[in-house]
Amino acid sequence: MDFGFTKEQEMIQKEVHNFCKKELTPEYVRWIDENCDFVPDELWKKISDIGFFGAHVPEAYGGEGLGVIESMIIAEEIATASVAVALGMGATTLGASVILNLGTPEQKAKYLPKLAKGELKFALGLTEPAGGTDILGAIQTTAVDRGDHFLLNGQKVFITSAHVADYITTIAITNPDAKRTRGLSIFLVPRNSDGVKTRLIPKLGCHAAGTNEVFYDNVKVPKENLVGTLHNGWYELLLTLNPERIGTSMLSLGVAKAAFNEAFEYAKQRNAFGGPISRFQSLQHYLADIAIEIENARNLIYKCAWLCDNNKPYHIEACMAKIVAAKASEKAAIWGMEIMGGWGYTMEYDMQRHFRDYKQMVFSPISDEMAKNMIMQFMGYPKSWA
Ligand SMILES: Cc1cc2nc3c(=O)[nH]c(=O)nc-3n(C[C@H](O)[C@H](O)[C@H](O)COP(=O)(O)OP(=O)(O)OC[C@H]3O[C@@H](n4cnc5c(N)ncnc54)[C@H](O)[C@@H]3O)c2cc1C
């Protein structure tokens, strides 16, 4: 058993760490949070130029063909510097992952080289207004075969980065008579298609990864934009959702680490009763407990990445990682604020941003309650919902 990174992985970590130190300074990250509804173009370009979008794209399509562990190393560093930037990047990776997993050779040749260069942005349009947890029951968006195209009508909600995406990867009903799991298909919908409209939904945190309603009104989608097998989109999409859980766990870990680091440094500087508050055992215990949760989450996330890279099942561990990492971010943000007292609550420090950012991780992409339901179902208990 080996818990260490390889030399190559250590180099990647160092490179991303240095990139973040230079390009994602605390001042710039604050500015982004206050002013941007997506990753600024100049930053996106720098991230693209250094090759982060190509990390997981096969070499045959202009990427580096790296594994999930390497992608998580990149995500960990960026999410610790700015979870919103990591989330904005992640939305593209996620939206495009159907092409990697299910695309035809023509689709791969068309999209992946541009994806690797950061020239395309994607979003994943799954959730609908009737609910995200009961996603199958909620889906009403339809795609009707009209000969040379599909005609899409319906609405999605909470879709990260849909307002800037070149393509909104959209799940729609193609066979209304079949059981829902057997009647869905996946489409790459160009955002600039006639009939597509997006509306940004104001939200508490992760501002630079804007979240949208998407409206489809008689949208003509070319036949070649169907990804995967007609009517089998649900099962095929599930292939992409487990890695998503590893990635979103890493976003939570980034928030947890950032909040811990800020509280840790603050406690050393702030004095009370004639010395730094860091000497008080109760505050040290808060920090120790956060550090334990961070370590647990990190180990579980990298274990999932390792399992995934080694083609071993990891669906239970991915649900566990999602919960443990979300809890770590919650504890770090809440207790971090406690450690910083009044200043933690002001807009003068970053703790308030971590406090706003962590909450998204608790119920998205799935809520902790649903992740626990799934763990028990995977362990053989009867399905407790539906
Ligand atoms: C900021 C943000 C970004 C997002 N980005 C995307 C995106 O890019 N693409 C996308 O497709 N979706 C996205 N989502 C949607 C996200 O996946 C859903 O919000 C999530 O699945 C929860 O669905 P919901 O919000 O409709 O809550 P609901 O499904 O209404 O759930 C409400 C509460 O009921 C509980 N609940 C429901 N059913 C059960 C059950 N059987 N057992 C126990 N508890 C249950 C839930 O745990 C939760 O606490 C995003 C959401 C947000 C807020």
Completion exercise
With Cα coordinates, the longest principal axis of the chain makes an angle with the long axis of helix 105-116, in degrees rounded to 10, of 30 degrees
Problem - Inter-part distance where the stretch 54-133 and the stretch 267-324 are each reduced to a Cα centre, Å - result: 26 Å
Exercise for the section: Go through 183-196, 282-295, 372-385 and give me the packing order, highest mean Cβ count within 10 Å leading. Expected result: 183-196, 282-295, 372-385
Fill in the blank from the handout: Taking placed amide H atoms and a strict 5 Å upper bound, the residues 5 or more places from Thr127 or on another chain that come that close are Val157
Exercise for the section: Which order do the peptides 259-265, 34-40, 163-169 take when ranked by the mean count of other beta-carbon atoms within 10 Å per residue, highest first? Expected result: 163-169, 259-265, 34-40
Handout entry: Computed [θ] at 222 nm, helices only, for the chain once each DSSP H run of length n ≥ 4 contributes -39500 (n - 2.57)
Key = -18000 deg cm²/dmol
Handout entry: Helix axis angle, 281-309 relative to the chain longest principal axis, alpha carbon, degrees
Key = 30 degrees
Exercise for the section: With a cut-off of 19 Å, note down the residues of the stretch 166-185 whose backbone N falls inside the zone around a label point 7 Å from the Cα of Ile201 toward its beta carbon. Expected result: 168-172
Handout entry: Value of relative contact order over the stretch 167-237, rounded to a whole percent, pairs C-alpha under 8 Å and six or more apart
Key = 39 percent
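Placing unit charges on C-beta atoms (Lys and Arg positive, Asp and Glu negative, everything else neutral), compute the dipole magnitude of the stretch 127-258 about its Cα centre in debye, rounded to 20.
Numbers: 13 positive and 12 negative charges, 60 e Å.
Using Cβ point charges on Lys, Arg, Asp and Glu, the stretch 127-258 gives about 300 debye.
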Exercise for the section: For the chain, report the accessible area per residue in Å² (1.4 Å probe, heavy atoms, rounded to an integer). Expected result: 47 Å²
Handout entry: Leading residue at positive end of dipole, the stretch 235-378 (Cβ point charges), from Met337, Asn296, His285
Key = His285
Handout entry: Listed residues Gln107, Gln269, Gln155, most fluctuating in the chain (Gaussian network, C-alpha, under 10 Å)
Key = Gln269
Problem - Computed E for Lys383/Asp177 - FRET, C-beta separation, R0 25 angstrom, nearest 0.05 - result: 0.60
Practice task
Note down the relative contact order for the stretch 1-77 as a percent, whole number, built from C-alpha pairs under 8 angstrom at least six residues apart.
Solution key: 31 percent
Exercise for the section: May I ask you to list the lysines whose Cα is less than 20 Å away from that of Lys303, ignoring any residue fewer than eight positions away on the same chain? Expected result: Lys7, Lys257, Lys312, Lys322, Lys327, Lys372
Practice task
Give the carbon-plus-sulfur fraction of the accessible surface of the chain in %, rounded to a whole number; probe 1.4 Å, heavy atoms of protein chains only.
Solution key: 54 percent
Practice task
Compute the long axis of helix 233-269 from its Cα atoms, compare it with the longest principal axis of the Cα atoms of the chain, and write down the angle in degrees, 0 to 90, nearest 10.
Solution key: 20 degrees
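Please compute the length gained on full extension between Asp194 and Arg146, using 0.36 nm multiplied by the number of residues separating them and subtracting their Cα-Cα distance. Could the numbers behind the result be given before it?
Values: separation 48, 0.36 × 48 = 17.28 nm, distance 1.61 nm.
Computed gain between Asp194 and Arg146 is 15.7 nm.
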Exercise for the section: Before anything else, pin down the relative contact order of the chain: Cα pairs under 8 Å, at least 6 apart, normalised by residue count, whole percent. Expected result: 15 percent
Practice task
Classify the stretch 78-229 as rounded, prolate or oblate, taking a ≥ b ≥ c as the square roots of the eigenvalues of its Cα gyration tensor: rounded when a/c is under 1.5, otherwise prolate if a/b is larger than b/c and oblate if not.
Solution key: oblate
Problem - Surrounding net charge for Trp44, when Lys and Arg each add one and Asp and Glu each subtract one, Cβ distance under 15 Å - result: -2
Practice task
Using packing as a proxy for protection, rank 327-334, 197-204 so that the peptide with the highest average count of other Cβ atoms within 10 Å comes first.
Solution key: 327-334, 197-204
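The values are calculated or read from the model by the stated rules, or taken from the named source; none is laboratory data. Fair warning: this is a prediction, and the values are worked out from it, not measured in the lab. Using ideal geometry, Cβ is built from the backbone for each residue, glycine included, and neighbour counts are taken over all protein chains shown. With ligands, DNA and RNA removed, areas are computed over all heavy atoms of the protein, side chains included. Shrake-Rupley method; radii C 1.70, N 1.55, O 1.52, S 1.80 Å.
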